[in-house]
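Below is one structure, written out as structure tokens; comments come after it.
The values are calculated or read from the model by the stated rules, or taken from the named source; none is laboratory data. Quantities reported herein were computed from a predicted structural model and do not represent experimental measurements. Here Cβ is always computed from backbone atoms with ideal geometry, including for glycine, and neighbour counts include all displayed protein chains.
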Amino acid sequence: MIRTPPLTRPSRRKQVADAPSRLSDRQFAAIARALADPRRYGIISEIASAPGPLPCCALKAAEAVSAATISHHIKSLEAAGLIAVVREGKFARLTFRRDTFEAYLRQLAGALRPPP
């Protein structure tokens, strides 16, 4: 009998570690839309200021709105690449993707720089 290694899902940690050098136009626009919403900006600020991965239930912004609304905003931030969500059963830990945010800032600064 031939033994084969068990199938595993690709690690999300590797995806988080990949620092983008240049964002696609689509991702750049998604980040701009995500940061334009005041509630999402508050959520991302809270996640970014946490010393480590932040449990979803620890979001202070969640106190003012329903769980469904927070879930919607978290999905938008994750789709934009601004946060990584690591799910552990029914719990989720949120991590700010500083590398993606810094790439966004560099690209924005380059776009706003006057031509020489």
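When only residues in region 17-56 that are among the hydroxyl-bearing types (Ser, Thr, Tyr) and more than 13 Å from the chain's Cα centre (by Cα) count, which is farthest from THR95 (Cα to Cα)?
Narrowing region 17-56 to residues among the hydroxyl-bearing types (Ser, Thr, Tyr): 21, 24, 41, 45, 49.
Within this subset, residues satisfying the condition of being more than 13 Å from the chain's Cα centre (by Cα) are 21, 24, 49.
Working: SER21: 19, SER24: 21, SER49: 10 Å.
Among them, the one singled out is SER24.
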Those residues that are within 15 Å of ASP37 (Cα to Cα) and among the charged types (D, E, K, R), I need them from region 71-100; list them, please. LYS75, GLU78
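Can you tell me which of SER66, SER45, SER11, SER21 is under 24 Å from LEU112 (Cα atoms), at pLDDT below 90 and of a type in the set (Ser, Thr, Tyr)? Step through it out loud before you land on a result.
Working: SER66 fails: under 24 Å from LEU112 (Cα atoms); SER45 fails: at pLDDT below 90; SER11 fails: under 24 Å from LEU112 (Cα atoms).
Unique residue meeting the criteria: SER21.
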Filter region 69-116 for residues that are under 9 Å from the mean Cα position of the chain (by Cα), of a type in the set (A, V, I, L, M) and assigned to a strand (DSSP E or B) and give the result. ILE83, ALA84, VAL85, LEU94
Considering residues that are over 23 Å from LEU108 (Cβ atoms), of a type in the set (A, V, I, L, M, F, W, C) and surrounded by fewer than 12 Cβ atoms within 10 Å (Cβ to Cβ), the number found within region 22-80 is 4
